[in-house]
Amino acid sequence: MTADRRATRQQRVASLRHGTVVDHLSPGMALKALEMLGVPSEGAALLGIHLTSEKMGRKDILKLENVEISAEQIEKLALFGPNASVVFIRDYEVVRKVQVELPDRIHGVLRCRNPSCITNHDRVPTYFDVTQRAPTMVRCAHCERRMGEHEFELL
Amino acid sequence: MTETWTDAERELANRMRGADIISVRQFTAPDLGTLLQIVERFETVTSPVLQGKVLGALFFEPSTRTRLSFESAMVRLGGGCIGFADAGISSAAKGESLPDTIRIVESYCDIIVIRHPREGAGRAAADAAEKPVINGGDGSNQHPTQTLLDLYTIRRRMGTVAGLRVGFVGDLKYGRAAHSLIEALAMLGNELVLVSPESLRLPPRQREDLDALGGVWSETPDLASVVPGLDVLYVTRIQRERFGDPLDYERVKDVYQVDEATIAPSRDGLIVMHPLPRVLEIHPSVDASPKAAYFEQAANGVTVRKTLLSLLLGVTP
Ligand SMILES: [Zn+2]
């Protein structure tokens, strides 16, 4: 790679040498996505909140240094942006790009906001059915309460 | 009797064998119609088709009538019942998880009915159990056998549910029986008229669900103006324990007392329903009217539960 090309790539991924970039998160969702993925133990986390986006108007972006997130985590990320994409970076190179896909049912990520829900009182794992996409709405399979993405709370 | 079952009835019965009854949401509109047809067939079933089968009735909160209704249904079909009617005597009081309790109890019985104060307990029990589970009421969420017996009562009295205009009056904010029936009727395409004081209107969550189902509904605090246009009037109790401030309760407790004068301008065929127990909402003078259908609801409840117990256990007469 020429020094020029390297410089361009460095700019595009804000100097991430190794790591993961999660782009096109719904505006305001980067903090929750970081909460779910966890702060890298050996690297930095960069958050962009309410950035202007041609595609979305506003978007959030999350960059994690020295971390490659798992397929399971990618699936869960769809909760925080149905159009999000995940880019893996090694040595400033994009080695893989994945478009997230929201499954019909989400197991074991979200807490139900209904204080009377059995999942908040007993050893019962939560799962939610996706009832609407963009904006995302889910329904607790237990108490049947609906939640929008800004009500999401992680377990 | 078996030979006269329609293909749709047979197909639904096959699908319900070994299944759970957790929420009225699990049924499609055509399935609800077919299920009510099957319930009608069970009106005349008195043979001990469930002999040797055991119902485990787990009542983590008291509900004497629901429990007696399930037990009656089971016993009338020749089956037996075990269970408890008070969470204080169950292992839950010792901190055992609900899934563990269910796994133990299902080794003692063939089918389980669970009543629990927490919303979603029916689903949690069904997920833990291999055997069929019926939700007998989970907090303020669902009580599907109540909804089915309400639908069956309408069908039995009116000949059909389709096309009827159904009014609900009273506490539409907290009343679980009303919420589930409203949702089921919206799914079936019925027109709904919701009558309540401002403070007890249908909550936003239920309104959204109604709209999502494409329901046709209107709202008014004025009962008298809507009575003449109704086919069914479903009355609910305004519960004192729901009000933080006793004054708020006093303000609304007897705004709608249905008496003979209330229903005098109605259509001849109107039926008045109530999930019972009633307090002041329906004057006893209505009891003798041919329009009163609320005591039939209890009787129909046993027929509905006989049907469900048999279908889930895979026994069709
Ligand atoms: Zn819940």
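No value in this document is a laboratory result; all are computed from the given coordinates. Computed from a predicted structure; not experimentally measured. Cβ atoms come from the backbone with ideal geometry, glycine included; neighbour counts cover every protein chain shown.
Of note:
- In chain B, the calculated helix contribution to ellipticity at 222 nm averages -11500 deg cm²/dmol per residue, counting -39,500 (n - 2.57) for every DSSP H run with n ≥ 4.
- Radius 12 Å from Cβ of B:PHE60, net charge of other residues (Lys, Arg +1; Asp, Glu -1): -2
- Eligible aspartates and glutamates near A:LYS59 by straight Cα distance, threshold 15 Å, same-chain separation 8 or greater: A:ASP23, A:GLU149
- Extending 7 Å from the Cα toward the beta-carbon at both B:ALA298 and B:GLN257 defines two label points whose distance is 2.2 nm.
- Rounded to the nearest 20 debye, the dipole size of chain A about its Cα centre is 280 debye, using +1 on the Cβ of Lys and Arg and -1 on the Cβ of Asp and Glu.
- Computed on region B:144-298, with alpha-carbon pairs under 8 angstrom and 6+ residues apart, the relative contact order is 24 percent.
- Cα-based shape type of region B:139-179, given that a ≥ b ≥ c are square roots of the gyration tensor eigenvalues and the cut on a/c is 1.5: oblate
- Relative to the longest principal axis of the Cα atoms of chain B, helix B:7-16 runs at roughly 70 degrees.
- Relative to the compact-globule estimate of 2.2 N^0.38 Å, the Cα radius of gyration of the protein assembly as shown comes out at 1.18.
- Each principal axis of the Cα atoms in region A:18-83 has its own extent, and those three values, largest first, are 32, 21, 18 angstrom.
- Ellipsoid semi-axes in whole angstrom, largest first, where each is sqrt(5λ) of the Cα gyration tensor of region B:144-298: 21, 20, 14
- Cβ-to-Cβ counts within 10 Å put B:TYR108, B:TYR249, B:TYR234, B:TYR294 in ascending order as B:TYR108, B:TYR249, B:TYR294, B:TYR234, the fewest first.
- For the protein assembly as shown, size of Cβ-based charge dipole, Lys and Arg +1, Asp and Glu -1, in debye: 740 debye
- Extents of chain A, largest first, come to 59, 32, 22 Å (Cα atoms, principal axes, whole angstrom).
- Only Cα sites of chain B enter the Debye sum here, all with the same form factor; the resulting log10 I(q)/I(0) across q = 0.14, 0.16 1/Å is -1.11, -1.38, listed in q order.
- For the protein assembly as shown, with +1 on Lys and Arg beta carbons and -1 on Asp and Glu, the positive-most of B:ILE114, B:GLY33, B:ALA124 along the dipole: B:ALA124
- Candidate cross-link partners of B:LYS291 among the aspartates and glutamates, defined by an alpha-carbon separation under 17 Å and a same-chain spacing of 8 or more, comprise B:ASP150, B:ASP231, B:ASP259, B:GLU260, B:ASP268, B:GLU281.
- Linear extension gain, A:LEU47 paired with A:ARG123, 0.36 nm per residue minus alpha-carbon span: 23.9 nm
- Alpha carbon centroid spacing (whole Å) that separates region B:139-191 from region B:11-87: 19 Å
- Seen against the Cα atoms of chain A and their longest principal axis, helix A:3-12 is set at about 20 degrees.
- The relative contact order of chain A comes to 20 percent, based on Cα pairs under 8 Å that sit 6 or more residues apart.
- Chain B - percent relative contact order, Cα under 8 Å, separation 6 or more: 20 percent
- Paramagnetic reach from A:GLU75 (point 7 Å along Cα→Cβ, amide N under 18 Å) across region A:87-102: A:98-102
- Ellipticity estimate at 222 nm from DSSP helix runs (n ≥ 4, -39,500 (n - 2.57)) divided over chain A, nearest 500: -4500 deg cm²/dmol
- Filter on A:LYS76/A:LYS97; B:LYS173/B:LYS306; B:LYS131/B:LYS306 - keep pairs with C-alpha separation over 28 Å: B:LYS173/B:LYS306
- Antiparallel bridges, percent of DSSP beta bridges restricted to chain B (to nearest 5): 5 percent
- Karplus-derived 3J(HN,Hα) values for region A:19-25, using 6.51 cos²θ - 1.76 cosθ + 1.60 with θ = phi - 60°, are x, 10, 10, 10, 10, 6, 6 Hz; glycine and proline are entered as x.
- The mean of 1/r over all distinct Cα pairs in region B:3-102, once inverted, gives the Kirkwood hydrodynamic radius of 15.9 Å.
- Dipole magnitude of region B:144-298 about its Cα centre (Cβ charges: Lys, Arg +1; Asp, Glu -1), debye to nearest 20: 320 debye
- Electrostatic bookkeeping for B:ARG242 treats Lys and Arg as +1 and Asp and Glu as -1; over the other residues with beta carbon under 14 Å from its beta carbon, the sum is +2.
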